[in-house]
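Heads up: the structure comes next, in C-alpha cells.
The values are calculated or read from the model by the stated rules, or taken from the named source; none is laboratory data. As the structure is a prediction and not an experimental result, all values here were calculated from the model. Cβ: placed from backbone, ideal geometry, glycine included. Neighbour counts: every protein chain shown.
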Amino acid sequence: MTTKDNEESVEVGVSPISDDDEIMEVNQAADNSSEADVDVEEAESVVIISTKAWSEVAKSFLYVEVSSVVLIFACIGIWTRGDPYLAYALSVAIISLLACIAMQVGEFVKPSFLETTEKPVSLFLFIWWVLGTGVITFRAPFVTAGNGYFSAWAGLVFTTHWALKVDISKLSGDEMDKVRKTLLIFGVCAAFVMFACIPYFKTYTGHAAWGFSVAVVTIISCGVLQRMHEDVNPKMLKFFAIIMFGIWAVEACLLTFDGPFLAAGNGYFASWGGFLAATYFLNHILTREDEIL
C-alpha cells in the first residue's frame, strides 16, 4: 500500500468535527457560565437581603448600645473604688450592652432568633433602665447634667421606645388634643419634681415641702382633667390655669434660685419644664376661640 493510500485511509477513518457540533459546545459552555453567574447572584442577593433584615432589626436597640457605651465611659472617667452607686451605674450599662450584643449575634447567626427573644429581653431592659436611671440620676452618681446623666436618660428613652413601641409621632398629631398633651407633660414634670424633692427634706425643708406639695396637687389635678376636662366649666378651667401658672412660677424661681435645684439636674429641668407647661396651658386656655374642648 502506497503512502498516498495510507493518508486516504486515515482521512476516511477520522470523523471531522462539524460546525454544528462546535456551536453546540460553545452554547453549552455559555449556558454553564450563565448558570454559575445566576447562582452567584442569588447567593449575593440572599446575603444582602439577610444583612438588610438583620440591620433593620438591629436598629431597634442600636441606640441603646450607644447609650450604654457612653455611660460606661462616663463611669470609668470618675471611677472610685468602693463607690456602690458608681459600680451599679456601670453594671446597668454593661448588662444592657451585653444583652444587645448577644441579640445581634444571635440574629446574625440564626435568622428569626429575635422573634422569640426580642420581647422578653426588651421588657427586661426597660425595667432595668427604669430602675437604673432612677437611681443614677436621682440618687448618684450622675445627678447633674453631663455625659453620664444624659446617657442614662437616653438609655431609658430608647428602651421605652423599643419595648413598648411608643410612637412619639402620635403624641404630636391629631390623636391627642393640645389640652391633653399639655396636661400629660405637666403631670410628668410634676412627678419628677416630687421625686427630686424627697432627698432635700432635711437640708431644704421649706423649699422641698413646697415643691413636693405643688407637684402632688398638679399630678392629681392633671389626672382628673385628663378624664373629665370636657365637662369642666370653661371659666373654672381658666381659673385653674391661672392658679397653676402662679404656683409653678413661684416653685421654679424659689427652688432653682434659692435651692435645692441650683445645678442642672432632674429637679431643675422638671421645675422649668413644669413652669413652661403651665405658661403654655394658660396661654392656650385664654386665647382659644373654641370654648368647647
Pairing a residue in segment 60-75 that is of a type in the set (F, W, Y) and modelled with pLDDT of 95 or more with any residue that is in a helix (DSSP H, G or I) and surrounded by fewer than 17 Cβ atoms within 10 Å (Cβ to Cβ), where Cβ atoms lie under 8 Å and the two sit 6 or more apart in sequence or on different chains, gives F73/N147
Residue satisfying all of: in segment 199-228; without any contact (Cβ under 8 Å) to a residue 60 or more places away in the chain and touching a Lys or Arg at 6+ places or on another chain (Cβ under 9 Å); surrounded by the fewest Cβ atoms within 10 Å (Cβ to Cβ) among these = Q226
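Residue by residue, here is whether (1) in contact (Cβ under 8 Å) with a residue 40 or more places away in the chain; (2) buried (at least 21 other Cβ atoms within 10 Å of the Cβ) holds:
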residue	(1), (2)
L255	yes, yes
N266	yes, yes
F269	yes, no
A277	yes, yes
L282	yes, no
R288	no, no
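Look through A249, A208, A278 and report the one residue that is in contact with a Cys (Cβ under 8 Å, 6 or more places away or on another chain) and either more than 27 Å from V143 (Cα to Cα) or assigned to a helix (DSSP H, G or I) (or both).
Exactly one residue qualifies, and that residue is A208.
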Within segment 252-260, is even one residue among the polar types (S, T, N, Q), on the phi < 0 side of the Ramachandran plot and assigned to a loop (DSSP other than H, G, I, E, B)?
-> no
